[in-house]
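Peer 1: Just dropping this structure here.
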Amino acid sequence: MARHHQPRSGSLAFMPRKRAKKQTPSIRSWPKSDEANLLGFAGYKAGMTHLIATDNNKNSPSSGLDVQVPVTVLETPPMFVLGLRAYAKGYWGRETMTDIWASEIPKEILKKLKLSKGENPGKKLDELSKNEKLIDVTVIVATQPTLASLPKKKPDVMEMAIGGQLSDKIEYAKQILGKTVSIKDVFEENSNTDVCAITKGKGFQGIVKRWGVRIMTRKATKGRRHSGTGGAWTPARKLWTEPQPGQMGYHRRTEYNKQIIIIGEDGSLITPKGGFLKYGLVKGDFIAVSGSVPGPCKRLVRINIPKRESTPLELDVKYVSQESKQGV
């Protein structure tokens with residue numbers, strides 16, 4: 001049989017392929033927004049299903065027809081606003097000035113996170129708004145996994161940016177400090193979003209699985225699942241472009257412009273018979289995002305306002321599949 005030749009798989013754009021530091025991904029940059037509102041939210045991946053919707057896009061080949069759309073269901077219980085973080089301009093960029101914590105935090109969150117209650121946050125907020133060094137304000141929020149079908153009880157804490165001018169950010173942060181925010185306060189149906197999560201971890205893998213290197217012939221010495229050459233003699237070192245074994249999976253990845261097709265409050269409207277595989281029943285608030293989302297089920301997924309402008313599709317949902325996924 002003829003030997004099969006092909007270029008090496010795997011994009012070098014995702015280098016180095018190291019393990020993520022934590023399961024709660026940090027957002028490196030936020031989009032600009034004129035509206036004083038949160039620029040993101042967070043949920044937990046439940047699983048995938050599909051729906052039937054009418055394509056109302058005029059320029060689409062399937063315009064006016066019913067199309068099948070695969071969707072990922074994320075359970076999004078309300079998030080609690082723990083505190084406020086203020087930034088000032090420093091030598092190396094912006095630096096944290098102070099954190100102002102809410103005076104009333106639920107006992108469950110206080111116990112799990114080992115926080116202390118804030119003292120008179122109103123007075124500190126008034127002093128903060130008069131500070132001339134202030135350049136930005138964000139909020140610190142916590143998820144409530146006990147409201148979802150998750151075995152974990154410890155909330156995931158993260159920083160969330162706010163849109164609008166600086167004065168609008170301060171006023172909005174004052175309003176939501178110590179309160180809960182739902183997914184409907186941030187996103188709307190048929191709007192685009194960027195999803196960020198940690199992918200499935202696959203451990204330490206060789207070059208055949210990690211980079212798609214062709215398996216050697218049966219007469220090759222020292223095994224077949226290795227590279228034929230380790231590189232040129234000059235330069236006398238291993239180049240970063242050469243395929244090498246190492247960590248595969250458990251990387252931080254972002255997918256842009258995923259459309260939110262459904263936002264609901266009753267999880268029974270989208271939970272399949274017998275529940276989602278390895279997850280269970282969706283209890284409360286949820287969203288259905290088009291396509292797949294990085295990571296396994298039960299993993300935290302951050303949903304952000306999109307950075308790249310894109311027009312969402314016009315879909316009229318007619319049917320949502322609730323058939324059992326246990327045998328898939």
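The values are calculated or read from the model by the stated rules, or taken from the named source; none is laboratory data. All values derive from a computational prediction rather than experimental measurement. Cβ atoms come from the backbone with ideal geometry, glycine included; neighbour counts cover every protein chain shown.
Peer 1: Only one of (1) more than 22 Å from SER26 (Cβ to Cβ); (2) modelled with pLDDT under 95 fails for LYS154. Which number is that?
Peer 2: Going through the list (1) more than 22 Å from SER26 (Cβ to Cβ); (2) modelled with pLDDT under 95, LYS154 breaks only (1).
Peer 1: Report, by residue number, each residue of segment 193-236 that is farther than 30 Å from PRO31 by Cα, touching a Gly at 6+ places or on another chain (Cβ under 8 Å) and either among the charged types (D, E, K, R) or touching a residue at least 24 places away in the same chain (Cβ under 8 Å) (or both).
Peer 2: LYS202, GLY203, PHE204, GLN205, ARG210, TRP211, GLY212, ARG225
Peer 1: Looking at this structure, is PRO70 in a loop (DSSP other than H, G, I, E, B), at pLDDT 85 or above and not polar (S, T, N, Q)?
Peer 2: The answer is no for PRO70.
Peer 1: Sticking with this one: Which residue, of THR217, THR199, is over 23 Å from GLU265 (Cα atoms), of a type in the set (Ser, Thr, Tyr) and modelled with pLDDT of 90 or more?
Peer 2: THR199
Peer 1: Something else now. Looking at GLY274 and the list (1) on the phi < 0 side of the Ramachandran plot; (2) more than 20 Å from the chain's Cα centre (by Cα); (3) of a type outside the set (D, E, K, R), which single condition is not satisfied?
Peer 2: Of everything listed in (1) on the phi < 0 side of the Ramachandran plot; (2) more than 20 Å from the chain's Cα centre (by Cα); (3) of a type outside the set (D, E, K, R), GLY274 misses just condition (1).
Peer 1: Kindly indicate which of ILE27, ILE105, ILE100 is touching a residue at least 12 places away in the same chain (Cβ under 8 Å), under 16 Å from THR138 (Cα atoms) and over 19 Å from the mean Cα position of the chain (by Cα).
Peer 2: ILE100
Peer 1: Is it the case that segment 6-18 has a residue that's surrounded by 13 or more Cβ atoms within 10 Å (Cβ to Cβ), basic (Lys, Arg) and more than 25 Å from the chain's Cα centre (by Cα)?
Peer 2: Looking through segment 6-18, at least one residue is surrounded by 13 or more Cβ atoms within 10 Å (Cβ to Cβ), basic (Lys, Arg) and more than 25 Å from the chain's Cα centre (by Cα).
Peer 1: Still on this structure, I have one more. Can you find even one residue in segment 220-233 that is farther than 19 Å from SER9 by Cβ, assigned by TED's automatic domain parsing to the domain that holds ALA42 and of a type outside the set (Phe, Trp, Tyr)?
Peer 2: No, segment 220-233 contains no residue that is farther than 19 Å from SER9 by Cβ, assigned by TED's automatic domain parsing to the domain that holds ALA42 and of a type outside the set (Phe, Trp, Tyr).
Peer 1: Can you name the residue in segment 149-171 that is aliphatic (A, V, I, L, M) and within 19 Å of ASN304 (Cβ to Cβ) and, of all such residues, is surrounded by the fewest Cβ atoms within 10 Å (Cβ to Cβ)?
Peer 2: VAL157
Peer 1: Of all residues being part of a strand (DSSP E or B) and aromatic (Phe, Trp, Tyr) in segment 73-99, which is farthest from ASP266 (Cα to Cα)? Just the residue, please.
Peer 2: TYR87
Peer 1: Please enumerate the residues belonging to segment 243-265 that are charged (D, E, K, R) and over 23 Å from GLN68 (Cβ atoms).
Peer 2: ARG252, ARG253, GLU265
Peer 1: When you scan segment 242-328 for strands (runs of 3 or more DSSP E) that lie fully inside it, which ones turn up with 1 or more residues that are basic (Lys, Arg) and touching a Ser or Thr at 6+ places or on another chain (Cβ under 9 Å)?
Peer 2: 252-264, 300-304, 315-320
Peer 1: Answer yes if at least one residue in segment 24-32 is assigned to a strand (DSSP E or B), hydrophobic (A, V, I, L, M, F, W, C) and modelled with pLDDT of 90 or more, and no otherwise.
Peer 2: no
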